[in-house]
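Just below is one structure, and these are the notes that go with it.
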Amino acid sequence: MKQEFYDAVMENPVIAAVKDDAGVEACIQKEDIRVIFVLYGEIVTIADIVERLKAAGKFVVVHLDLIGGLAVREEAVRFVKCYTKADGIISTKPDMIKCAKELGLCTVFRIFVIDSKALGSMSHHGTDFVDLVEVLPGIMPRIIRQISQKTSVPIIAGGLISEKGDVIQALDAGAVAISTTNQSVWEM
């Protein structure tokens, strides 16, 4: 992982996740928010979204699986690398993460822990191929602790984080950061 990206995550453990243009504009105005997860866009708009955030000095990670018009295939990873200025990608697909790593992008492997089978699938895939793991929902400190004890990969807690207590519990459980679309949490 690029050291500069990791340092930005460690400096401010609140990662702003944006799902619309209003979220992008709010992030641009917040100097202390350094890392942005882009959770929306289309093949024709993603380069512009990334450019606006990069012009504001942000580290930008695009959720590949959520970009309209891009199939979750290696070609989509190459598109993000060649036609945007994104620093990295998020995906739930291990093959997309591996491809992004090969291309020099920062990688976030997103997992939804909805039951013990989902938790076990993380062990099945392993985490050696990824820079960061994002665990959703992020309001499960016991599960975050369990995952962080099983891997040396830094953990991000995401999803349903809405209060300062949620942030503190996730960080105390071993997460290095949290990600949220909740703008009131960005202020914490």
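The values are calculated or read from the model by the stated rules, or taken from the named source; none is laboratory data. Computed from a prediction, not measured in an experiment: that's the story for all the values here. Glycine also receives a Cβ, built like all others from the backbone with ideal geometry; neighbour counts cover every protein chain displayed.
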**OP:** Scan region 72-80 and give yes if some residue there is at pLDDT 95 or above, more than 24 Å from I28 (Cα to Cα), among the aromatic types (F, W, Y) and crowded, with 16+ Cβ neighbours inside 10 Å, otherwise no.
**Re:** yes
Original post:
Yes or no: A26 surrounded by 14 or more Cβ atoms within 10 Å (Cβ to Cβ) and touching a residue at least 24 places away in the same chain (Cβ under 8 Å)?
Top reply: yes
Original post:
Going by the conditions given, is I178 in contact with a helix residue (DSSP H, G or I) (Cβ under 7 Å, 6 or more places away or on another chain), closer than 20 Å to C106 by Cβ and without any contact (Cβ under 8 Å) to a residue 24 or more places away in the chain?
Top reply: no
Original post:
What is the residue count in region 55-86 for residues that are within 23 Å of E4 (Cβ to Cβ) and in contact with a helix residue (DSSP H, G or I) (Cβ under 6 Å, 6 or more places away or on another chain)?
Top reply: 10
Original post:
Before we move on, is D65 over 18 Å from the mean Cα position of the chain (by Cα) and of a type in the set (D, E)?
Top reply: no
